[in-house]
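J.: Just dropping this structure here.
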Amino acid sequence: MLQLPVYLDNNATTPCDPRVVAAMLPYFTEVYGNAASRSHPFGWAAEEAVDYAREQVAKLIGAEPKEIVFTSGATEAVNLAIKGVYEMYAGKGQHIITAVTEHKAVLDTCKHLEKQGAHVTWLPVNRDGEIDLAELEAAITPQTILISIMYANNEIGVIQPIRAISDIARKHGVLFMTDATQAVGKIPVDVNTDGIDLLTLSAHKMYGPKGIGALYVRRRSPRVKLTAQIDGGGHERGMRSGTLNVPGIVGLGKACELCQAEMTADTARITPMRDHLEKALLELEQSYVNGSISHRLPHTTNLSFKYVEGEALMMGFNKNIALSTGSACTSASLEPSYVLKALGLSDDLAHASLRFGLGRFTTDEQIDYAIQTITDAVNKLRSMSPIWEMYKDGVDLDTIA
Ligand SMILES: *Cc1c(COP(=O)(O)O)cnc(C)c1O
């Protein structure tokens, strides 16, 4: 029997895998020591668990355990990476290059630094959501200290040409950081073959718990140095002080191990479901995929249904299907997604979009239910829409106000 509501918002967060929860449980009640307590077995056991998790995380991305810094999540990791590099390399320059479709964690951190005197280049993206490599290279100056380009986008799933970007960064001796929060655990990521100097990840996007993540900081060729953003005690080799969240770290480690073991099988199961969903919804007239369809995450699709209000569409079924629209609903305004706008979509089409994030626990039955429900909802809204009627009557709606 199909259980409602159906969860298709895995890009916002994923459920914790029960195996992750099971791995974490002893660390609340039995192995509860402080990993920094060096003087007794409670501390030693906690430290051992942290060391093991550090290996699990490192292994998934091809790093060394010593290169992993645990944080409270990707947002904190992004802040530490960008602000930490900015402060540490101030002597070289104050120029940072990033892209307009980055997650708010990166955008807002860069905006913050801009106010402090940083010079930030905001690269545009093409219709597919990809940056232009020639434009990237042309933006580099002797003052450039960091290129920060996300691995895969959270709204449209588009994967950036990471190796080509890192080649350019290397050639010019500029550090390359990538927000890989949506990519790690879903597609193969390797900091060495991908040429990454700093990378952020988050447990709750990969079937682990919320409130724990990590920053990868390269230690060799080049050795990356960061100015700490949180002081007090010198944990995590001085880069991030504060008592370690041992159960969270154990959960993140387990989540990484499971992703490494099951990524291929998960992708083989999820991709056909995503493709089936996409193909079925594209049968609706005037529907479109947003962003590249060849370079994107296996579990994501973002679709626009022209002449339909995304919010109105959602109202029809959001008690039964959980997903996101292309609008960032703030208290005062209903802004169309800046990511979709950056692809060149009109406000209308951006508002008419739905983001589907499938996951490890998505079933065929849920996908069939979503197809039926959303098809019915789009048809129903259009049947009541004067604009749709005009379109069907052959009125060219793009030429009238
Ligand atoms: C979710 C997400 C973040 C923020 O991660 P938190 O761990 O929730 O702070 C950053 N970047 C991307 C691309 C994300 O999807």
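J.: As an exercise: evaluate residue 380 against (1) in contact with a helix residue (DSSP H, G or I) (Cβ under 9 Å, 6 or more places away or on another chain); (2) closer than 26 Å to residue 153 by Cα and give the number of the one condition it does not meet.
T.: (2)
J.: Tally time: how many residues in region 101-148 are closer than 15 Å to residue 85 by Cα and crowded, with 16+ Cβ neighbours inside 10 Å?
T.: Final tally of qualifying residues: 11.
J.: Being among the polar types (S, T, N, Q) and either surrounded by 23 or more Cβ atoms within 10 Å (Cβ to Cβ) or in contact with a Phe, Trp or Tyr (Cβ under 6 Å, 6 or more places away or on another chain) (or both) is the filter here; which residues of region 57-74 pass it?
T.: First pass over region 57-74, keeping only residues among the polar types (S, T, N, Q): 71-72.
Passing the criteria: only 71.
J.: Let me ask another. Restricting attention to region 287-310, which residues are among the basic types (Lys, Arg) and part of a loop (DSSP other than H, G, I, E, B)? Reasoning before the result, please.
T.: The initial filter retains those residues of region 287-310 that are among the basic types (Lys, Arg), namely 296, 306.
Once the filter is applied, which keeps residues that are among the basic types (Lys, Arg) and part of a loop (DSSP other than H, G, I, E, B), region 287-310 yields only 306.
J.: Right, something else. Residues to consider are 197, 275, 190; find the one that is farther than 30 Å from residue 372 by Cβ and free of Cβ contacts under 8 Å to residues at least 60 places away in the same chain.
T.: Details: 275 fails: farther than 30 Å from residue 372 by Cβ; 190 fails: free of Cβ contacts under 8 Å to residues at least 60 places away in the same chain.
Answer to the selection: 197.
J.: Something else: Within region 361-377, work out how many residues are surrounded by 13 or more Cβ atoms within 10 Å (Cβ to Cβ) and over 25 Å from residue 266 (Cβ atoms).
T.: Selection size over region 361-377: 2.
J.: Hey, residue 1 hits all of (1) buried (at least 23 other Cβ atoms within 10 Å of the Cβ); (2) modelled with pLDDT under 95 but one; which does it fall short on?
T.: Among (1) buried (at least 23 other Cβ atoms within 10 Å of the Cβ); (2) modelled with pLDDT under 95, the lone unmet condition for residue 1 is (1).
J.: Going by the conditions given, is residue 335 in contact (Cβ under 8 Å) with a residue 40 or more places away in the chain and among the acidic types (Asp, Glu)?
T.: Numbers: in contact (Cβ under 8 Å) with a residue 40 or more places away in the chain: no; among the acidic types (Asp, Glu): yes.
Spelling it out, it is not the case that residue 335 is in contact (Cβ under 8 Å) with a residue 40 or more places away in the chain and among the acidic types (Asp, Glu).
J.: For region 44-72, name all the residues that are among the charged types (D, E, K, R) and either within 16 Å of the ligand (Cβ to nearest atom) or not in a helix (DSSP H, G or I) (or both). Step through it out loud before you land on a result.
T.: First, the residues of region 44-72 that are among the charged types (D, E, K, R): 47-48, 51, 54-55, 59, 64, 66-67.
Across region 44-72, the qualifying residue is only 64.
J.: Sticking with this structure for a sec: In region 37-57, how many are without any contact (Cβ under 8 Å) to a residue 60 or more places away in the chain and either outside the structural domain of residue 215 (by TED's automatic domain parsing) or aliphatic (A, V, I, L, M) (or both)?
T.: At the first step, the residues of region 37-57 found to be without any contact (Cβ under 8 Å) to a residue 60 or more places away in the chain are 37-45, 47-48, 51.
This time we only want the ones that are either outside the structural domain of residue 215 (by TED's automatic domain parsing) or aliphatic (A, V, I, L, M) (or both), so: 45.
Count: 1.
J.: Against the definition (over 30 Å from residue 370 (Cα atoms) and not basic (Lys, Arg)), how does residue 79 come out, yes or no? Even if it seems obvious, please write down each step before you answer.
T.: On the way: over 30 Å from residue 370 (Cα atoms): yes; not basic (Lys, Arg): yes.
So residue 79 fits the description; yes.
J.: I'm trying to understand the selection: among the residues of region 354-379, which are part of a loop (DSSP other than H, G, I, E, B) and either at positive phi or over 18 Å from the mean Cα position of the chain (by Cα) (or both)?
T.: To start, the set of residues in region 354-379 that are part of a loop (DSSP other than H, G, I, E, B) comprises 358-363.
Hits for region 354-379 are 361, 362, 363.
J.: Condition first: under 19 Å from residue 231 (Cα atoms) and crowded, with 20+ Cβ neighbours inside 10 Å. Can you find one or more residues in region 28-41 that meet it? Walk me through it before giving the result.
T.: Taking region 28-41 and keeping what is under 19 Å from residue 231 (Cα atoms), we get 34-37.
With crowded, with 20+ Cβ neighbours inside 10 Å added as a condition, the list becomes 35.
Taking every residue of region 28-41 in turn, at least one turns out to be under 19 Å from residue 231 (Cα atoms) and crowded, with 20+ Cβ neighbours inside 10 Å.
J.: Out of the residues in region 278-293 that are of a type in the set (A, V, I, L, M, F, W, C) and under 15 Å from residue 156 (Cα atoms), state the one that is farthest from the chain's Cα centre (by Cα). First the steps, then the outcome.
T.: Looking only at region 278-293, we keep the residues that are of a type in the set (A, V, I, L, M, F, W, C), and these are 280-282, 284, 289, 293.
Then keep just the ones that are under 15 Å from residue 156 (Cα atoms); that gives 289, 293.
Numbers: 289: 19, 293: 17 Å.
For region 278-293, the residue satisfying everything is 289.
J.: Here's something else I'd like to know. Given the condition under 27 Å from residue 204 (Cβ atoms) and either among the basic types (Lys, Arg) or outside any helix (DSSP H, G or I) (or both), answer yes or no: does some residue in region 342-353 qualify? Don't jump to the end; show me each part of the working.
T.: First pass over region 342-353, keeping only residues under 27 Å from residue 204 (Cβ atoms): 342-343, 350, 353.
Okay, now just the ones that are also either among the basic types (Lys, Arg) or outside any helix (DSSP H, G or I) (or both), so 343, 353.
Yes, that holds for at least one residue.
The values are calculated or read from the model by the stated rules, or taken from the named source; none is laboratory data. Because the structure is a prediction, the values reported are computed rather than measured. Quick reminder, even Gly has a Cβ in these numbers, built from the backbone with ideal geometry, and neighbours come from all protein chains shown.
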